[in-house]
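Written out below as structure tokens is the structure these notes cover.
Computed from the coordinates by the stated procedures, all read-outs in this text should not be read as laboratory data. As the structure is a computational prediction, the values presented were derived from the model and not from experiment. Cβ coordinates were reconstructed from backbone atoms using ideal geometry, including for glycine residues, and neighbour counts include every protein chain displayed.
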Amino acid sequence: MTTPPNLSQRASDLYKSIQTHICANLESLEPTARFKSDEWERPDAKGGHGGGGLTRILSGGTVFEKAGVNFSAVRGTMPAAFAAKLGGPSEDVPFFATGVSLVIHPYSPMIPTTHANWRYLELGNACWLGGGSDLTPYYLYEEDAVHFHSVLKGVCDKHSPEYYPRFKKACDEYFYLPHRKETRGIGGIFYDYLGRDEKVDLEATLKFSHDLGFAFTEQYLPIVERRKGTPYTEKEKGFQLLRRGRYVEFNLLYDRGTHFGLQTGGRIESILMSLPPIVHWDYCPTVEEGSREELLIQTLMNPREWVK
């Protein structure tokens with residue numbers, strides 16, 4: 001299938017606009033805290049201009065302990081070993097990648113952490129799109145899980161009735177910590193290689209990215225509004241910090257985006273912006289039988305269908 005004209009530039013422009021939209025909506029929940037912007041450039045492996053991006057970080061807010069929304073558009077030469085892993089030739093190959101990614105860590109353990117990204121990649125003569133979003137609660141509220149998944153399903157169904165069940169399953173499989181035998185959270189959707197492994201209408205797939213990106217605030221902000229005033233205890237805050245450790249383990253051990261950035265000489269501060277500011281690892285932690293903490297862990301060990 002022929003690549004539509006200017007697809008890479010239009011994808012880049014779309015991701016910039018999604019970043020602006022999401023940051024403005026997150027700021028609307030904070031009385032005074034605002035995003036700080038850090039524009040950056042990178043050299044490619046041969047010393048030429050390798051593109052850059054805009055990292056936006058909000059910290060010290062009333063609701064959000066740390067929120068990072070990162071845009072990038074980078075180019076260069078991908079090492080042969082990593083190119084082969086992505087389905088390219090076993091040789092150094094030119095690449096272009098653009099996307100927006102975000103991770104939001106709230107103060108309150110009653111508000112879930114969330115992550116999302118949408119991306120476009122060119123590797124040699126091949127190109128594809130990927131993305132998704134997922135929710136990581138510390139205390140499970142079923143209505144929040146249903147809401148998050150319902151918005152995602154609504155967007156997916158506008159493009160294909162096959163998308164939501166397929167991408168929901170892929171999300172549960174991808175955000176899985178095999179050494180813990182747990183999913184990272186209660187899922188969402190995850191898709192990748194649309195245009196590489198299967199021939200798709202790239203124009204329509206970019207529109208899918210558009211609709212998902214601008215629906216993100218509808219997925220997440222109502223949950224924040226519902227839970228931001230819920231009281232919590234020191235013990236519950238401690239459980240949140242403990243569970244954040246699972247988040248760190250996944251991002252450093254398994255996350256493809258992290259590995260891609262490190263393998264292609266990406267900007268370390270932007271790659272690791274997803275990590276929470278405060279996290280605990282306790283030795284052999286336990287939870288009480290029948291507690292809300294146990295309910296969460298059981299849910300993570302046995303992924304559920306949240307919407308039909």
**Fill in**
In terms of the alpha carbon gyration tensor, root eigenvalues a ≥ b ≥ c, rounded if a/c is under 1.5 and otherwise prolate when a/b exceeds b/c or oblate, region 170-245 is oblate
**Asked** Modelled label-to-label distance, D13 and K237, 7 Å Cα→beta-carbon offset: nm?
**Response** 4.7
**Message:** Distance between the C-alpha centers of region 146-182 and region 255-287? Whole Å please.
**Reply:** 22
**Request:** Among the aspartates and glutamates, select those whose C-alpha is under 13 Å from the C-alpha of K153, and discard any that sit fewer than 8 residues away in the same chain.
**Result:** D134, E162, D211, E218, E305
**Request:** Show me 152-160, 288-296 ranked by packing, highest mean number of other Cβ atoms within 10 Å first.
**Result:** 152-160, 288-296
**Fill in**
Helix 292-301: inclination vs the chain longest Cα principal axis, degrees, rounded to 10, gives 30
**Message:** I'd like to compare 219-228, 173-182: which one has the highest average count of other Cβ atoms within 10 Å, and what's the full order after that?
**Reply:** 219-228, 173-182
**Request:** With an 8 Å cut-off on Cα pairs and a minimum separation of 6 or more residues, tell me the relative contact order of the chain in percent.
**Result:** 17
**Item:** Additional length obtainable on full extension of the chain from K228 to A215, 0.36 nm per residue less Cα span
**Value:** 2.6 nm
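Among rounded, prolate and oblate, which fits region 144-198 when a ≥ b ≥ c are the square roots of the eigenvalues of its C-alpha gyration tensor, a/c under 1.5 means rounded, and a/b larger than b/c means prolate?
oblate
For region 137-281, what is the relative contact order in percent, using Cα pairs closer than 8 Å and at least 6 residues apart in sequence?
22
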**Request:** Specify the angular offset, from 0 to 90 degrees and rounded to the nearest 10, of the alpha carbon long axis of helix 7-27 from the longest principal axis of the alpha carbons in the chain.
**Result:** 20
**Extension gain (nm, one decimal) between T286 and S90, 0.36 nm per residue minus Cα-Cα** = 65.9 nm
**Complete:** If each K or R counts +1 and each D or E counts -1, the residues other than K36 whose Cβ falls under 14 Å of its Cβ total -2
**Fill in**
Helix 142-159: inclination vs the chain longest Cα principal axis, degrees, rounded to 10, gives 20
**Complete:** In this structure, the FRET efficiency calculated for L295 and R256 from their beta-carbon separation, with R0 = 25 Å, to the nearest 0.05, is 0.25
**Message:** Which residue, V74, I186, T299, has the largest displacement toward the positive end of the dipole of the chain when charges sit on each Cβ (Lys, Arg +1; Asp, Glu -1)?
**Reply:** V74
**Message:** Run the numbers for A80 and V146: contour at 0.36 nm per residue of separation, minus the present Cα-Cα distance, in nm.
**Reply:** 19.5 nm
**Request:** State whether region 253-308 is rounded, prolate or oblate according to the following rule on the C-alpha gyration tensor (a ≥ b ≥ c being the square roots of its eigenvalues): a/c under 1.5 gives rounded; otherwise a/b larger than b/c gives prolate, and the remaining case gives oblate.
**Result:** oblate
**Prompt:** With Cβ to Cβ distances under 14 Å as the rule, what net charge do the other residues near S291 carry (K, R +1; D, E -1)?
**Reply:** -2
